[in-house]
């Protein structure tokens, strides 16, 4: 079984304290639902942009935002597909979180989503590597480290998941667990390509599964994209003889602290000086209602017919969902009769 080695240094402890304090502010701040949806959508787009950009994808944040909204852009097919794949993987995080215990088959499915129609050999998508590779920076050409021999991959992956699904995980801070998960997947390098993106999806899955980012507000890849030299340096800096992950975790928790502070500052800016919200607190929406609001943000409006088609609802079910959103003053009616549609308040 994978047995991670690390120490809780003053830096790690201080970072975890700052992260916990910022997270508490975010989760308890008064927010209207459309702000929650906007924060969640922004985090999704920024994560997809940053995680693919780290590995050389040239699409801009605006390009990724357009793809997330279903619009076409002028770009190489492979670049577009990488972003669309990552967006799909992030959207499916709640679905994978329900798979307990998570198995190597699920891990392969995540990789297949991340790499779909982007690899030279389609048989490498959703499959463990069958040949030796090196881990390097695609932009600079720098060799970071040589992964374990191909014949060890299955054993190492099984050992990782034995740890990942073990009871001892509950005693580890979710930020530390996410950092350990991220590094071990990159170290094993179980795939021909897409290891970094798959590792970052798995770290996001840890945060969601452990209840750390239930609202999915945090774009944790931003920090690493903005500091690619530091990111690769922290990965390379782990001694492959001792595999002491203390230094890596100091860097990883730095990134989480910076990312979560950015969200905290934005949430405080949105919610301050709003008397009604301070009196009522947050308004909770169901997952389906959040997706309805997301659809309105992406397309500008939604009709009853679109709700029925997208979410498989009956006419009565669609009316029930939209009535609740109207009562919460999240959406309002526009038009009449067959021209009736709904927009954000």
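The values are calculated or read from the model by the stated rules, or taken from the named source; none is laboratory data. Nothing here was measured: the structure is a model prediction, and the numbers come from that model. Please note: Cβ atoms are built from the backbone with ideal geometry, for glycine as well, and neighbour counts cover all protein chains shown.
Confirm whether residue 50 is within 18 Å of the chain's Cα centre (by Cα), over 27 Å from residue 233 (Cβ atoms), in a helix (DSSP H, G or I) and in contact (Cβ under 8 Å) with a residue 60 or more places away in the chain. Against the criterion (within 18 Å of the chain's Cα centre (by Cα), over 27 Å from residue 233 (Cβ atoms), in a helix (DSSP H, G or I) and in contact (Cβ under 8 Å) with a residue 60 or more places away in the chain), residue 50 does not qualify. Is there a residue in the stretch 52-64 that is over 27 Å from residue 178 (Cα atoms), surrounded by 14 or more Cβ atoms within 10 Å (Cβ to Cβ) and touching a helix residue (DSSP H, G or I) at 6+ places or on another chain (Cβ under 9 Å)? Yes, the conditions are met somewhere in the stretch 52-64. You will find that of 281, 255, 247, the residue that is farther than 26 Å from residue 91 by Cα and modelled with pLDDT of 90 or more is 247 and no other. Screening residue 323 on (1) closer than 27 Å to residue 44 by Cα; (2) modelled with pLDDT of 90 or more shows it passes everything except condition (1). For residue 161, the test of being surrounded by 12 or more Cβ atoms within 10 Å (Cβ to Cβ) and in a loop (DSSP other than H, G, I, E, B) is failed. Only one of the numbered conditions (1) surrounded by 15 or more Cβ atoms within 10 Å (Cβ to Cβ); (2) under 23 Å from residue 186 (Cα atoms); (3) touching a helix residue (DSSP H, G or I) at 6+ places or on another chain (Cβ under 7 Å) is violated by residue 112, and that is (3). Residues that are surrounded by 18 or more Cβ atoms within 10 Å (Cβ to Cβ), in contact with a helix residue (DSSP H, G or I) (Cβ under 7 Å, 6 or more places away or on another chain) and assigned to a helix (DSSP H, G or I) within the stretch 227-246 comprise 231, 234, 235, listed in sequence order.
Quick grid of which residues meet (1) at pLDDT 95 or above; (2) part of a helix (DSSP H, G or I); (3) surrounded by 13 or more Cβ atoms within 10 Å (Cβ to Cβ); (4) in contact with a helix residue (DSSP H, G or I) (Cβ under 8 Å, 6 or more places away or on another chain):
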{"site": "82", "(1), (2), (3), (4)": "yes, yes, yes, yes"}
{"site": "86", "(1), (2), (3), (4)": "yes, yes, yes, yes"}
{"site": "123", "(1), (2), (3), (4)": "yes, yes, no, no"}
{"site": "129", "(1), (2), (3), (4)": "yes, no, yes, yes"}
